[in-house]
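See structure below.
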Amino acid sequence: MHGRGWPVFSFEFFPPKTEEGAKALMATVADLQEVWKPDFVSVTYGAGGSSRDRTIDLVGAIQRDLGINVMAHLTCAGSSREEIAAIVERLIDDGIENILALRGDPPQGESGFQARADGFAHATDLIEFLHGRFPVAIGGACYPEKHVESASFEDDLRWTKVKVDNGAAFLITQLFFDNAHYFEFVKRARAAGVKVPIIPGIMPITNVAQVERFIKLCGASIPADLRARLDKVKDDPALVMATGIEHAIKQCRKLLEGGAPGLHFYTLNKSHATRSILAAVRRD
């Protein structure tokens, strides 16, 4: 990230579907900023027309109106090279200096990702296109338990290294709940010659059904002991949240003690869990 030291604390949000939702999210971001002053926040990318525009508008508003360093997500999905270039220029005009370059998920109802003929098929291609062409720092995603479409851990790591070779200056991991996956991934990445910071992505469990959907999509796993604790309290939402926060606090402490360069929180647009975790971790 431009002009930042380590460790870095950052929050990720997803774009709301309505103007009312956008106002509520701005209030949430402002609340977190006032108390915790994150190094940056990021906003996931809506690839469709109106969703895409709302995302870009929101990113610009956070950077401009709240004065928070923003990392914009950008995907290959549904866009040509020219459209992507125009979007990046628009982001730069709003003061954005950091972009997380992703392939993106297939549209709902489609089994596989289909690139446009005049677009990009892989995040590695998007990173290569952005690097050196625009005055932005570029980040990439990585997968401690490997990408669901990767044939093997070795194949997954090979593509991770291509991202860095093509210009990614930092990596942010997919969510995970067992730190062993993160530390093993970092070890393998370093052995493969990946030198850039690898920031762990943390998702506090606040809803069991919700997290089950996420891990099914991304291929992450829940450790048996954590799953057993969640099963005992699954009918009590408050105890589920307390259990998830307790696990995340321990996870974050161990990550920082083990040398992680920061923490990137997948907030799901809710601040309570993230605030509770940061209160415990930053007090140490």
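The values are calculated or read from the model by the stated rules, or taken from the named source; none is laboratory data. This structure is a prediction, so every number in the text was calculated from the model and none was measured. Backbone-built Cβ (ideal geometry, glycine too); neighbour counts: all protein chains shown. Please note that ligands, DNA and RNA were not included when accessible areas were found on the heavy atoms of the full protein model with its side chains. Shrake-Rupley method; radii C 1.70, N 1.55, O 1.52, S 1.80 Å.
Remarks
- ARG103 - accessible surface, heavy atoms, 1.4 Å probe, Å² rounded to 10: 50 Å²
- Mean sequence separation of contacting Cα pairs (under 8 Å, at least six apart), scaled by the length of the chain, corresponds to a relative contact order of 19 percent.
- 12 Å beta-carbon shell around ARG64, net charge (K/R +1, D/E -1): -4
- Using a cutoff of 8 angstrom between alpha carbon atoms and counting only pairs six or more residues apart, the relative contact order for segment 188-280 works out to 44 percent.
- Projected area averaged over orientations for segment 61-199, convex hull of C-alpha atoms, nm²: 9.4 nm²
- Expected-Rg normalisation [2.2 N^0.38 Å, Cα atoms] applied to segment 193-284: 1.12
- The accessible surface of the chain, taken with every protein chain in place and a 1.4 Å probe, is 52 percent carbon and sulfur.
- Accessible area expressed per residue, the chain, with surrounding protein chains retained (probe 1.4 Å, Å²): 46 Å²
- Applying D = kT/(6 pi eta Rh) to segment 156-226, where Rh is the Kirkwood radius over alpha-carbon pairs, T corresponds to 20 °C and eta to 1.002 mPa s, the Stokes-Einstein value obtained is 160 µm²/s.
- Bins of 5 Å from zero: percent of alpha-carbon pairs in segment 17-78: 4, 18, 29, 25, 15, 7, 2, 0
- Legend: P(r) of segment 128-284 from all alpha carbon pair distances, 10 Å bins from 0, whole percents, reading 10, 37, 34, 16, 3, 0.
- With contacts taken as Cα pairs under 8 Å at a separation of at least 6 residues, segment 130-284 carries a relative contact order of 24 percent.
- Treating each Cα of the chain as an identical point scatterer and summing with the Debye formula, the log10 of I(q)/I(0) at q = 0.07, 0.12, 0.14, 0.15 Å⁻¹ comes to -0.24, -0.75, -1.06, -1.24.
- Cross-link check: pairs LYS187/LYS254; LYS216/LYS254; LYS17/LYS250; LYS23/LYS216; LYS195/LYS250; LYS234/LYS270 evaluated at a Cα-Cα cut-off of 22 Å; pairs beyond the cut-off: LYS216/LYS254; LYS17/LYS250; LYS23/LYS216; LYS195/LYS250.
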